[in-house]
Amino acid sequence: MITITLKDGSSKQYEAGVTVLDVAKDISAGLARVTCAADVDGQLVDVRQPLTEDCQLSLLTFEDKGGRHAYWHTSAHIMAQAVKRLYPEAQLAIGPAIETGFYYDFDVDAPFTPDDLEAIETEIKAIIKENNTIERFTMDRDSALQWAAAEGGPYKRELIEDLPADEAISFYRQGDFTDLCAGPHLQSTGGVKAVKLLSAAGAYWRGDEKRPMLQRIYGTAFPKKAQLDEHLQKLEEARQRDHNKLGRELDLFITSDIVGQGLPLFTPKGTKVLQILERFIEDEEERRGYQATRTPLMAKKDLYEVSGHWQHYKDGMFIMGEEDGDDDVLALRPMTCPFQFQIYKSKLRSYRDLPLRYSETSTLFRNESSGEMHGLIRVRQFTISEAHLICTPEHLEAEFMGVMDLINYVMDTLGLREDIWFRFSKWDPNKKEKYIDNPAAWEFTQTQMKRILDKMELDYVEADGEAAFYGPKLDIQIRNVHGKEDTIITVQIDFALPERFDMNYVDKDGDRKRPIIIHRTSIGCYERTLALLIEKYAGAFPTWLAPVQARLIAISDAHHGYVKDLQEQMQRQGLRVEADLRNEKIGYKIREAQMQKIPYMLIVGDKEVQNKAVAVRSRKDGDLGPQPVEQFLPQLLAEAASRAR
């Protein structure tokens, strides 16, 4: 007999070999019907899994993350089976469950069209109706390679060859379809109910632009049609908020094929929003004791060799010159820290000089692969609110907390505070090639960071293998409207670079000691943050952040002089205002201003000219009626100055 401890803490005894499904049926037939997978001692498994020893068991339904994973993974296999029926020559690559559904990559002769997706979806429904039992089985490596040669294809062969030679390799069979897979899966194809294929796109095999371009089909599935309909409605809302769509409609940025991918061009309106954000951050950092620097956009490779970026990050850099030539090899900078360290080293430093807080609005360059780039979220040239705090060990805790106070203030002001969460990113000692090899320093620094985070009572998750190559970091995470997770801000404690750059200070006892460095951003990458703000506010920025805060709308030509004078008056007071003097109907002008999401429309007719007033329409509150200019302008100025949302 074995003892199984359930999620609620209760225990049950069964004969060894009982399956997860047997346990679910013993609890209730209804629970067995909706159980998609199980967590056994922290491992995600099929409901067919036999239990042979004492364990902790959590039964997972679609409401649980692990249950959705099995549901969507099964859906991906059903889609692959449908594609193989309709396109027998298609070669299968990979098909995982993802955050909001699933995808599968196929090597086919031509991209999938909307009509193709409709036909595949019809075939998926037929396979679901067949309700084929899904069976798991294993092969040894040689047998698995024979399967790949006979029917699996070259991509499956490559995946098998990457597995350990002595590993029992798992497969899943459903009717006439078999696939290499670790699982878990549902019991049958009929377990999937409501399915929708969403889109098709190109994707390089294993994300490598030097490998074949495959065709990826995205889809999602739910146990009930009502759940699917609700999800599709949310997707449509997300599409309407997508910063790529709104950014162009609101004339904030464009892209150009002749300029290049990942290199957005900001229009005057988009540039104004970025300028507002940059000035906000620079002024706030100066108020908190930061000193601004300005450093080159490029440097010799020698600098990056000292910092370690050349060894650990070269593939992500833009390099100019031949490495084997006699001339200097230059690289555009992917970060600013090595440059600011040269400023620190330019003179002897005392403990009395510390902490030093160097900030810079830094333009950086990262050689992102084409498959990774997306709108303003991930680009090849970007600007970041970068800073490095150089301090003694005694200063570390207070300086780290000061950084977090700044970040929280910035996120609160922007309205993003409720959308972020924290990830403590640590090193992985098994990936020695990825990190500077100093286990003792890693353990000490991670312990220090964890102590500070716990003292701050910060709610965070831990992630092994996500640290910077020179130290652990706190990543501040956020999702875009499509649910994709990205890092918006990082804070890193660096034990390695002070040593590599021979940085020191004279302590109070006269000895030279190494400082500790905190790398941080306060708003992150301005381009990415702008994208998130566009999506957060659906383009309707708060007044303080709006590129145009008010639009003056003249009813007729007779009012143009008054409007122009008022525009100049408002601009002199620091307000961002446009004048609409076109010979169009007033209703048309108002609707267009509303479409541009301008906070205030100030309409001018005969009465307004006579009374030195404006008829005010608020984006948020509607028609506010006529107001004297001397009354309205102070209100608008106060609203903008308060940074109210």
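Cross-link partners of K25 among lysines, defined as those whose alpha carbon lies under 20 angstrom from its own and excluding same-chain residues fewer than eight positions apart: K7, K12.
What pairs in K65/K620; K301/K347; K272/K301; K536/K564; K272/K347; K234/K589 have C-alpha atoms more than 26 Å from each other? Can you show the working numbers first?
Working: K65/K620 38 Å; K301/K347 23 Å; K272/K301 35 Å; K536/K564 34 Å; K272/K347 38 Å; K234/K589 31 Å.
The pairs that break the limit, which is 26 Å between Cα atoms, are K65/K620; K272/K301; K536/K564; K272/K347; K234/K589.
Helix 586-595 and the longest principal axis of the Cα set of the chain meet at an angle near 50°.
Cα gyration tensor of the range 260-335, axes a ≥ b ≥ c as square roots of the eigenvalues: rounded (a/c below 1.5), prolate (a/b > b/c) or oblate? Working shown, then result.
Working: a/c = 3.07, a/b = 1.66, b/c = 1.84.
Note, shape of the range 260-335 comes out oblate.
Please work out whether the range 324-413 counts as rounded, prolate or oblate from its C-alpha gyration tensor, where a ≥ b ≥ c are the square roots of the eigenvalues and a/c under 1.5 means rounded, while otherwise a/b larger than b/c means prolate and anything else oblate? In terms of gyration-tensor shape, oblate.
Assuming charge only on the beta carbon of Lys and Arg (+1) and of Asp and Glu (-1), the dipole of the chain about its Cα centre is about 2060 debye to the nearest 20. Ordering V20, A467, N408 by the projection of their Cα atoms onto the charge dipole of the chain, which places +1 on the Cβ of Lys and Arg and -1 on the Cβ of Asp and Glu, puts N408 at the extreme positive end.
Between 0 and 90 degrees, the angle of helix 225-241 with respect to the longest Cα principal axis of the chain falls at about 30 degrees. Out of the GluC sites (Glu not before Pro) in the range 262-352, which ones are loop residues according to DSSP with at most 15 other C-beta atoms within 10 Å? Within the range 262-352, the qualifying GluC sites (Glu not before Pro) (loop, at most 15 other Cβ atoms within 10 Å) are E322, E323.
When only alpha carbons are used to place a centre, the range 486-561 and the range 356-410 end up 7 Å from one another. If you line up the long axis of helix 560-572 against the longest principal axis of the chain, both from Cα atoms, how many degrees apart are they, to the nearest 10? Once rounded, the angle reads 80 degrees.
Once you've got the Cα coordinates, tell me which of K84/K196; K210/K269; K585/K607; K300/K450; K156/K484 are over 29 Å apart. Flagged as over cut-off: K210/K269; K300/K450.
Scanning residues 5 or more positions from L214 or on other chains, those with amide H under 5 Å from its amide H are A203, Y204, W205, with H placed 1.01 Å from N in the peptide plane. When both bridge partners sit in the chain, DSSP labels roughly 85% of those beta bridges antiparallel. Only lysines eight or more places from K455 in sequence, or on another chain, were considered; those with a Cα closer than 20 Å are K426, K473.
The 3J(HN,Hα) values that the Karplus relation (6.51, -1.76, 1.60; θ = phi - 60°) gives for the range 441-454 are, in residue order, 5, 4, 4, 5, 5, 5, 4, 5, 5, 4, 4, 5, 4, 5 Hz. Gly and Pro appear as x.
With θ taken as phi - 60° and the Karplus curve 6.51 cos²θ - 1.76 cosθ + 1.60 applied, the whole-hertz 3J(HN,Hα) list for the range 387-404 is 7, 9, 9, 9, 8, 8, x, 5, 7, 4, 4, 5, 5, 4, 5, x, 4, 5 Hz, x standing for glycine and proline. When the Cα centres of the range 436-453 and the range 105-176 are compared, how far apart do they sit, in Å? Between the Cα centre of the range 436-453 and that of the range 105-176, the gap is 43 Å.
Which distance in Å, rounded to a whole number, links the C-alpha centroids of the range 244-289 and the range 60-90? The two parts, judged by their Cα centres, are 40 Å apart. Proximity of backbone amide H atoms, modeled 1.01 Å from N, is registered between L51 and G17, V18, T19, V20 at under 5 Å, excluding neighbours fewer than 5 places apart on the same chain.
Converting phi to 3J(HN,Hα) with the Karplus coefficients 6.51, -1.76 and 1.60 and the offset θ = phi - 60°, the range 481-487 yields 5, 8, x, 6, 7, 9, 8 Hz in sequence order, with x at every glycine or proline.
Going by the alpha-carbon gyration tensor, a ≥ b ≥ c the square roots of its eigenvalues, is the range 265-536 rounded (a/c under 1.5) or, if a/c is not under 1.5, prolate (a/b greater than b/c) versus oblate? Here the range 265-536 falls in the rounded category. In the chain, helical runs assigned H by DSSP with n ≥ 4 each contribute -39500 (n - 2.57); averaged across all residues and rounded to the nearest 500, the mean residue ellipticity at 222 nm is -10500 deg cm²/dmol. Database remark: amide H of A468 closer than 5 angstrom to the amide H of K473 (H placed geometrically; neighbours at sequence offset of 5 or more, or on other chains; Pro and chain starts carry no H).
Read-outs throughout are calculated quantities, based only on the coordinates presented, and are distinct from any laboratory measurement. Since this is a predicted model, take the numbers as computed values, not measurements. Glycine also receives a Cβ, built like all others from the backbone with ideal geometry; neighbour counts cover every protein chain displayed.
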